[in-house]
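Notes to accompany the following structure.
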Amino acid sequence: MNAEAVPSESAAPEVVLSAEHLTKRFGDREAVSDVSFDVHAGEVFGFLGPNGAGKTTTIRMLVGLARPDRGRVRIRGLDLAHDFRRAMGHVGCIVESPDLYRYLTGRENLVHFSRMLPDGAAARISELASLVALTERLDDKVSTYSLGMRQRLGIAQALLGNPDVLILDEPANGLDPAGIREIRRLVRRLAAERGIAVFVSSHLLSEVEQTCDRVAIIHRGRTLATGPVRELVNRVASDGLRLIVRPARRAAEVLAAFGHAEVAGNADGEGEVDARLPKESVPEALRALAAAGVDVFAVERSLASLEEVFLDVTGGETV
Amino acid sequence: MRFSGLVENEILKFSRQRRFRVVILILVALIGLIVFAQARGRERFHNKDWHVETQERMARMQNMLRDNRTPPTWRRWARFELDRLRYHLDHNIDPDAVSGPLFARGFANAASYLLLPLLAIVFASDVVSGEFAQGTIKLLLTRPVGRARVLASKLAALVLAITLTVLFGGIVAYLFGGIAYGYGGWAAPALTGFRVAGERLDPASVRSVLLWQDTILAYGLAWFATLCVGAIALLTSVLLRSTAAAMGTMLAALIAGTILPRLAPTWESQKFLFVTNLPLPDYYSGSPPPITGLTVGFGAAVLAVWAAAAVAAAFAVFVRRDVLA
C-alpha cells in the first residue's frame, strides 16, 4: 500500500467537491437546510445521519438530479448548475441503490455507460471488472447478480470515467458482513491509491467509523457537526465499557461506586455488565473488582450508538 | 461521446427487452390470422365473374338509397361507394381483386387505425418511464451528457423502432398475402385520389397509378401517423413516469378515437383530435371520411402539430424536472 503517496498532511488539502449552503424545500417542509461541507482529494468523507435526515436529497443535489432552492455545488471548482457536463465528467456515483439494466449483462451495462463518456472509457472495462472482482460473471445478466455484485458493478460503472469524486449512497445497505468488508476495503483503496475523494453516506456510526477519515453529521436536514471521525467518536465512546464477569451482580455493585453500571444479562452467574465510567478511573475499578473476588473474562469499549452521538452533539435533543 | 453512441445505447435497450420480440410476434401472428381467415372467406363467396358481382353490389346500393328508412350517414356512404364501384367498372379494374401486393397495400389502411399506433405505444410509453421504474434514470442523468441530448437519443431510437415496425409489417403482409394470393401484381393499376365533393365522389380527381407507387405512399402515410402517436406516447411517458399509466392513457385515447366518430358523427371539432386523423391511408385512398372536411392534407397537418407540441413539451419537462425517489 502506497497510501502515503497521497498528499494529505503536508500541503493544504485540495477541495474537489464542495456543497455551499444547500437548501431544498418540498412544499412547506425543508428537507435540507443550509448544508455545507468540503470533500478533499484522497479522503473518505462520511455523511452520517438517520434515515430520513436528508442524506439522499443532498446527494441528489450533489449530482444534479435535483436543483437546490438555495446554495450551490462545486466540483473541481465548476458550478454544477452552470457547467453540468464538465462538472459531472469528474464524478462517478451510485444514488440510493445500484440500479443497472437487469436485462443486460454486466459487460453490456459497462459498455452502455462508457458510451456516455469521452472515448477511451470502454478500454477500462476489463481492468475495472477485475478491480471489483466481477471478471468471471461479467457476461451474465445483471438479474442473476446478488446485491453485493450489483453494488460492485455499480462501483465499476462509477469508475469508468476516471472520476476525481466518487459518491456512494449507503453502500453497505443490504450487504452481508463479508460484502460490507469488501466494499470498505475497496473504498479505502480507491482513496489511498488513486487519490479519489470518496463521499459515503450511511446511517451506521460503526460503518462510518471504520471507513471514513472525516464525517459530517446530518439530522433533520441540518449538519450538526463536521470533523475527523476519531474526534467525534472518542467524544462519546470513551466512557462506555462492556464487561463479561462472574458474578455479574456483584460486579455491577462494585462498578457503581465509580460511575454508572447495570447488568445486561444473567445476574448470578457469568454475565454482561454495561458500565459508564471516566477513562481515568478504569484501572482502579478493575483492581476493585479483583479485590471483591469477581472473575473478569473480558473488558471492551462499547461502541457508542448513533443515538448517543446525536445526544452528545445536540445536547440532549431527541432523535 | 458521440450522439450515435447514445442512439446505439437506446437501440441496445430496445432490442434486448421482451417487448420488442412481443411486437414482432404480434405482427406475424395477426397478419397470418387475417390472411388465413380472408382466404377461406373468399373461397366460399367468390366464384362469380367480378363484373357481375360488382353490378349486383351496385344494385344493392341503389336499393338502399331508394329506401326512405336508410339513415343519412349510410346514405352518404352508399352514394360514395356507388360512385367508386362505377368508376372501377368503367375502367375495367376489379375493385375486389386480390394479390399479395394488394393485400400488403390493404394492410397499410387496416393497420393505421389501431394496430400500428398500438405497437408505437408499446414502444414509446416505456422509453422514459422504464428508466424511472428501473432506477436507471439516476445513472443516465448523472453522466456528463446533457438531458436534452439523452432524450434526443431516445427519440431517435424510437423513430427507428417505429420505422422498422411499419416496414416489417408491410413485408410480413406481402409475404403472407403472397402465400395465399400469389406474389405478382405490383405493376397493376391502382385508383387513387378519390375525393369527396359535397356529398358525392369527385371523379375528376381520381388518378390511376401503379400499385407499387400507391403502396409506398400508403405506407408512408401510415408511418407518419404512427410516428405522431409515438411522439405523443413519449410525452405521456415523460409526464407520468409509469409505463402502465402511460400505456393506459394512450390506449384510452386510441379507443375513444375509434368510437367517437361513430357515436357522434355530427361533432365536427373532433377532426382536430389526433386520433381522428390516424387513418391517413384511408383518407388518401378515398373511403368516405367519418367527419366531413377530413382530407389527407388536413389530417397530416393536425397530426404534425400534435406531434411537434408533444415533443416540445416532453423536452421542456424532461430537461427541467427534478428526479426524486
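FYI, it's all coordinate maths here, none of it is from the lab. Predicted model, so just to flag it, every value in this text is computed and none were measured. Backbone-built Cβ (ideal geometry, glycine too); neighbour counts: all protein chains shown.
Cα centroids of the stretch B:131-163 and the stretch A:68-106: 15 Å apart. Modelled label positions at A:THR226 and B:PHE3, each set 7 Å beyond Cα in the direction of Cβ, lie 4.1 nm from each other.
Charges on Cβ only, +1 for Lys and Arg, -1 for Asp and Glu, centred on the Cα centroid of the protein assembly as shown; of A:GLY293, A:HIS219, B:ALA97, which one is farthest towards the dipole's positive end? Sorting the options by dipole projection puts first B:ALA97.
Each residue of chain B gets 145 Å³ once the volume of the Cα convex hull is shared out per residue. In the protein assembly as shown, what % of DSSP beta bridges are antiparallel (nearest 5)? Taking every DSSP beta bridge within the protein assembly as shown, about 70 percent pair in antiparallel fashion. For the stretch A:13-119, the pair-distance distribution built from all alpha carbon pairs, in bins 5 Å wide starting at 0, is 2, 11, 19, 21, 19, 14, 10, 4, 1 percent. Here the 3J(HN,Hα) profile of the stretch B:21-28, calculated from phi with Karplus coefficients 6.51, -1.76 and 1.60 at θ = phi - 60°, is 5, 4, 4, 4, 5, 4, 4, 5 Hz, Gly and Pro shown as x. Length gained on full extension, B:TYR183 to B:ILE255: 22.5 nm, using 0.36 nm per residue less the C-alpha separation. Backbone geometry of the stretch A:186-197 corresponds, through the Karplus equation with coefficients 6.51, -1.76 and 1.60 at θ = phi - 60°, to 3J(HN,Hα) couplings of 4, 4, 4, 5, 4, 5, 6, 7, 10, x, 6, 7 Hz, x marking Gly and Pro.
Taking the Cα atoms of the stretch A:97-194, the ratio Rg/Rh between the radius of gyration and the Kirkwood radius comes to 0.93. Pairs exceeding a 29 Å alpha-carbon distance, out of A:LYS141/B:LYS138; A:LYS24/B:LYS13; A:LYS55/B:LYS13: A:LYS24/B:LYS13; A:LYS55/B:LYS13. Shielding of peptide A:64-75 by partners, expressed as the average count of other chain Cβ atoms within 10 Å per residue Cβ, is 2.
Using C-alpha pairs under 8 Å with a sequence gap of at least 6, the mean separation divided by the residue count of chain A gives a relative contact order of 19 percent. With a cut-off of 20 Å on the backbone N, the residues of the stretch B:74-98 near the modelled label site 7 Å out from B:ALA39 along Cα-Cβ are B:96-98.
Inverting the pair-averaged 1/r between distinct Cα atoms of the protein assembly as shown gives 30.0 Å as its Kirkwood hydrodynamic radius. Mean-square fluctuations from a GNM of chain B, with a 10 angstrom spring cutoff on Cα atoms, peak among B:SER129, B:SER242, B:SER269 at B:SER269.
Projecting label points 7 angstrom from Cα along Cα→Cβ for A:ALA12 and B:SER208 puts them 9.0 nm apart. Relative to the longest principal axis of the Cα atoms of chain B, helix B:296-320 runs at roughly 10 degrees. By DSSP, the beta bridges lying fully in chain A are antiparallel in about 70 percent of cases.
If I take R0 = 60 Å and measure r between the Cβ atoms of A:ARG287 and B:ALA309 in this structure, what FRET efficiency does the formula 1/(1 + (r/R0)^6) give, to the nearest 0.05? That gives a FRET efficiency of 0.10. Across A:VAL73, A:VAL296, A:VAL187, mean-square fluctuation computed from a Gaussian network of chain A (C-alpha pairs under 10 Å connected) peaks at A:VAL296.
Between A:ALA81 and A:ALA298, the FRET efficiency from the beta-carbon distance, with R0 = 51 Å, is close to 0.40.
What is the Cα centroid distance between the stretch A:146-167 and the stretch B:22-42, reported in whole angstrom? The stretch A:146-167 and the stretch B:22-42 have Cα centres spaced 48 Å from each other.
Length, then width, then depth: along the principal axes, the Cα atoms of chain A run 73, 46, 43 Å. Amide hydrogen proximity for A:CYS93: with H placed 1.01 Å from N in the peptide plane, the residues at 5 or more positions away or on another chain lying under 5 Å are A:ILE167.
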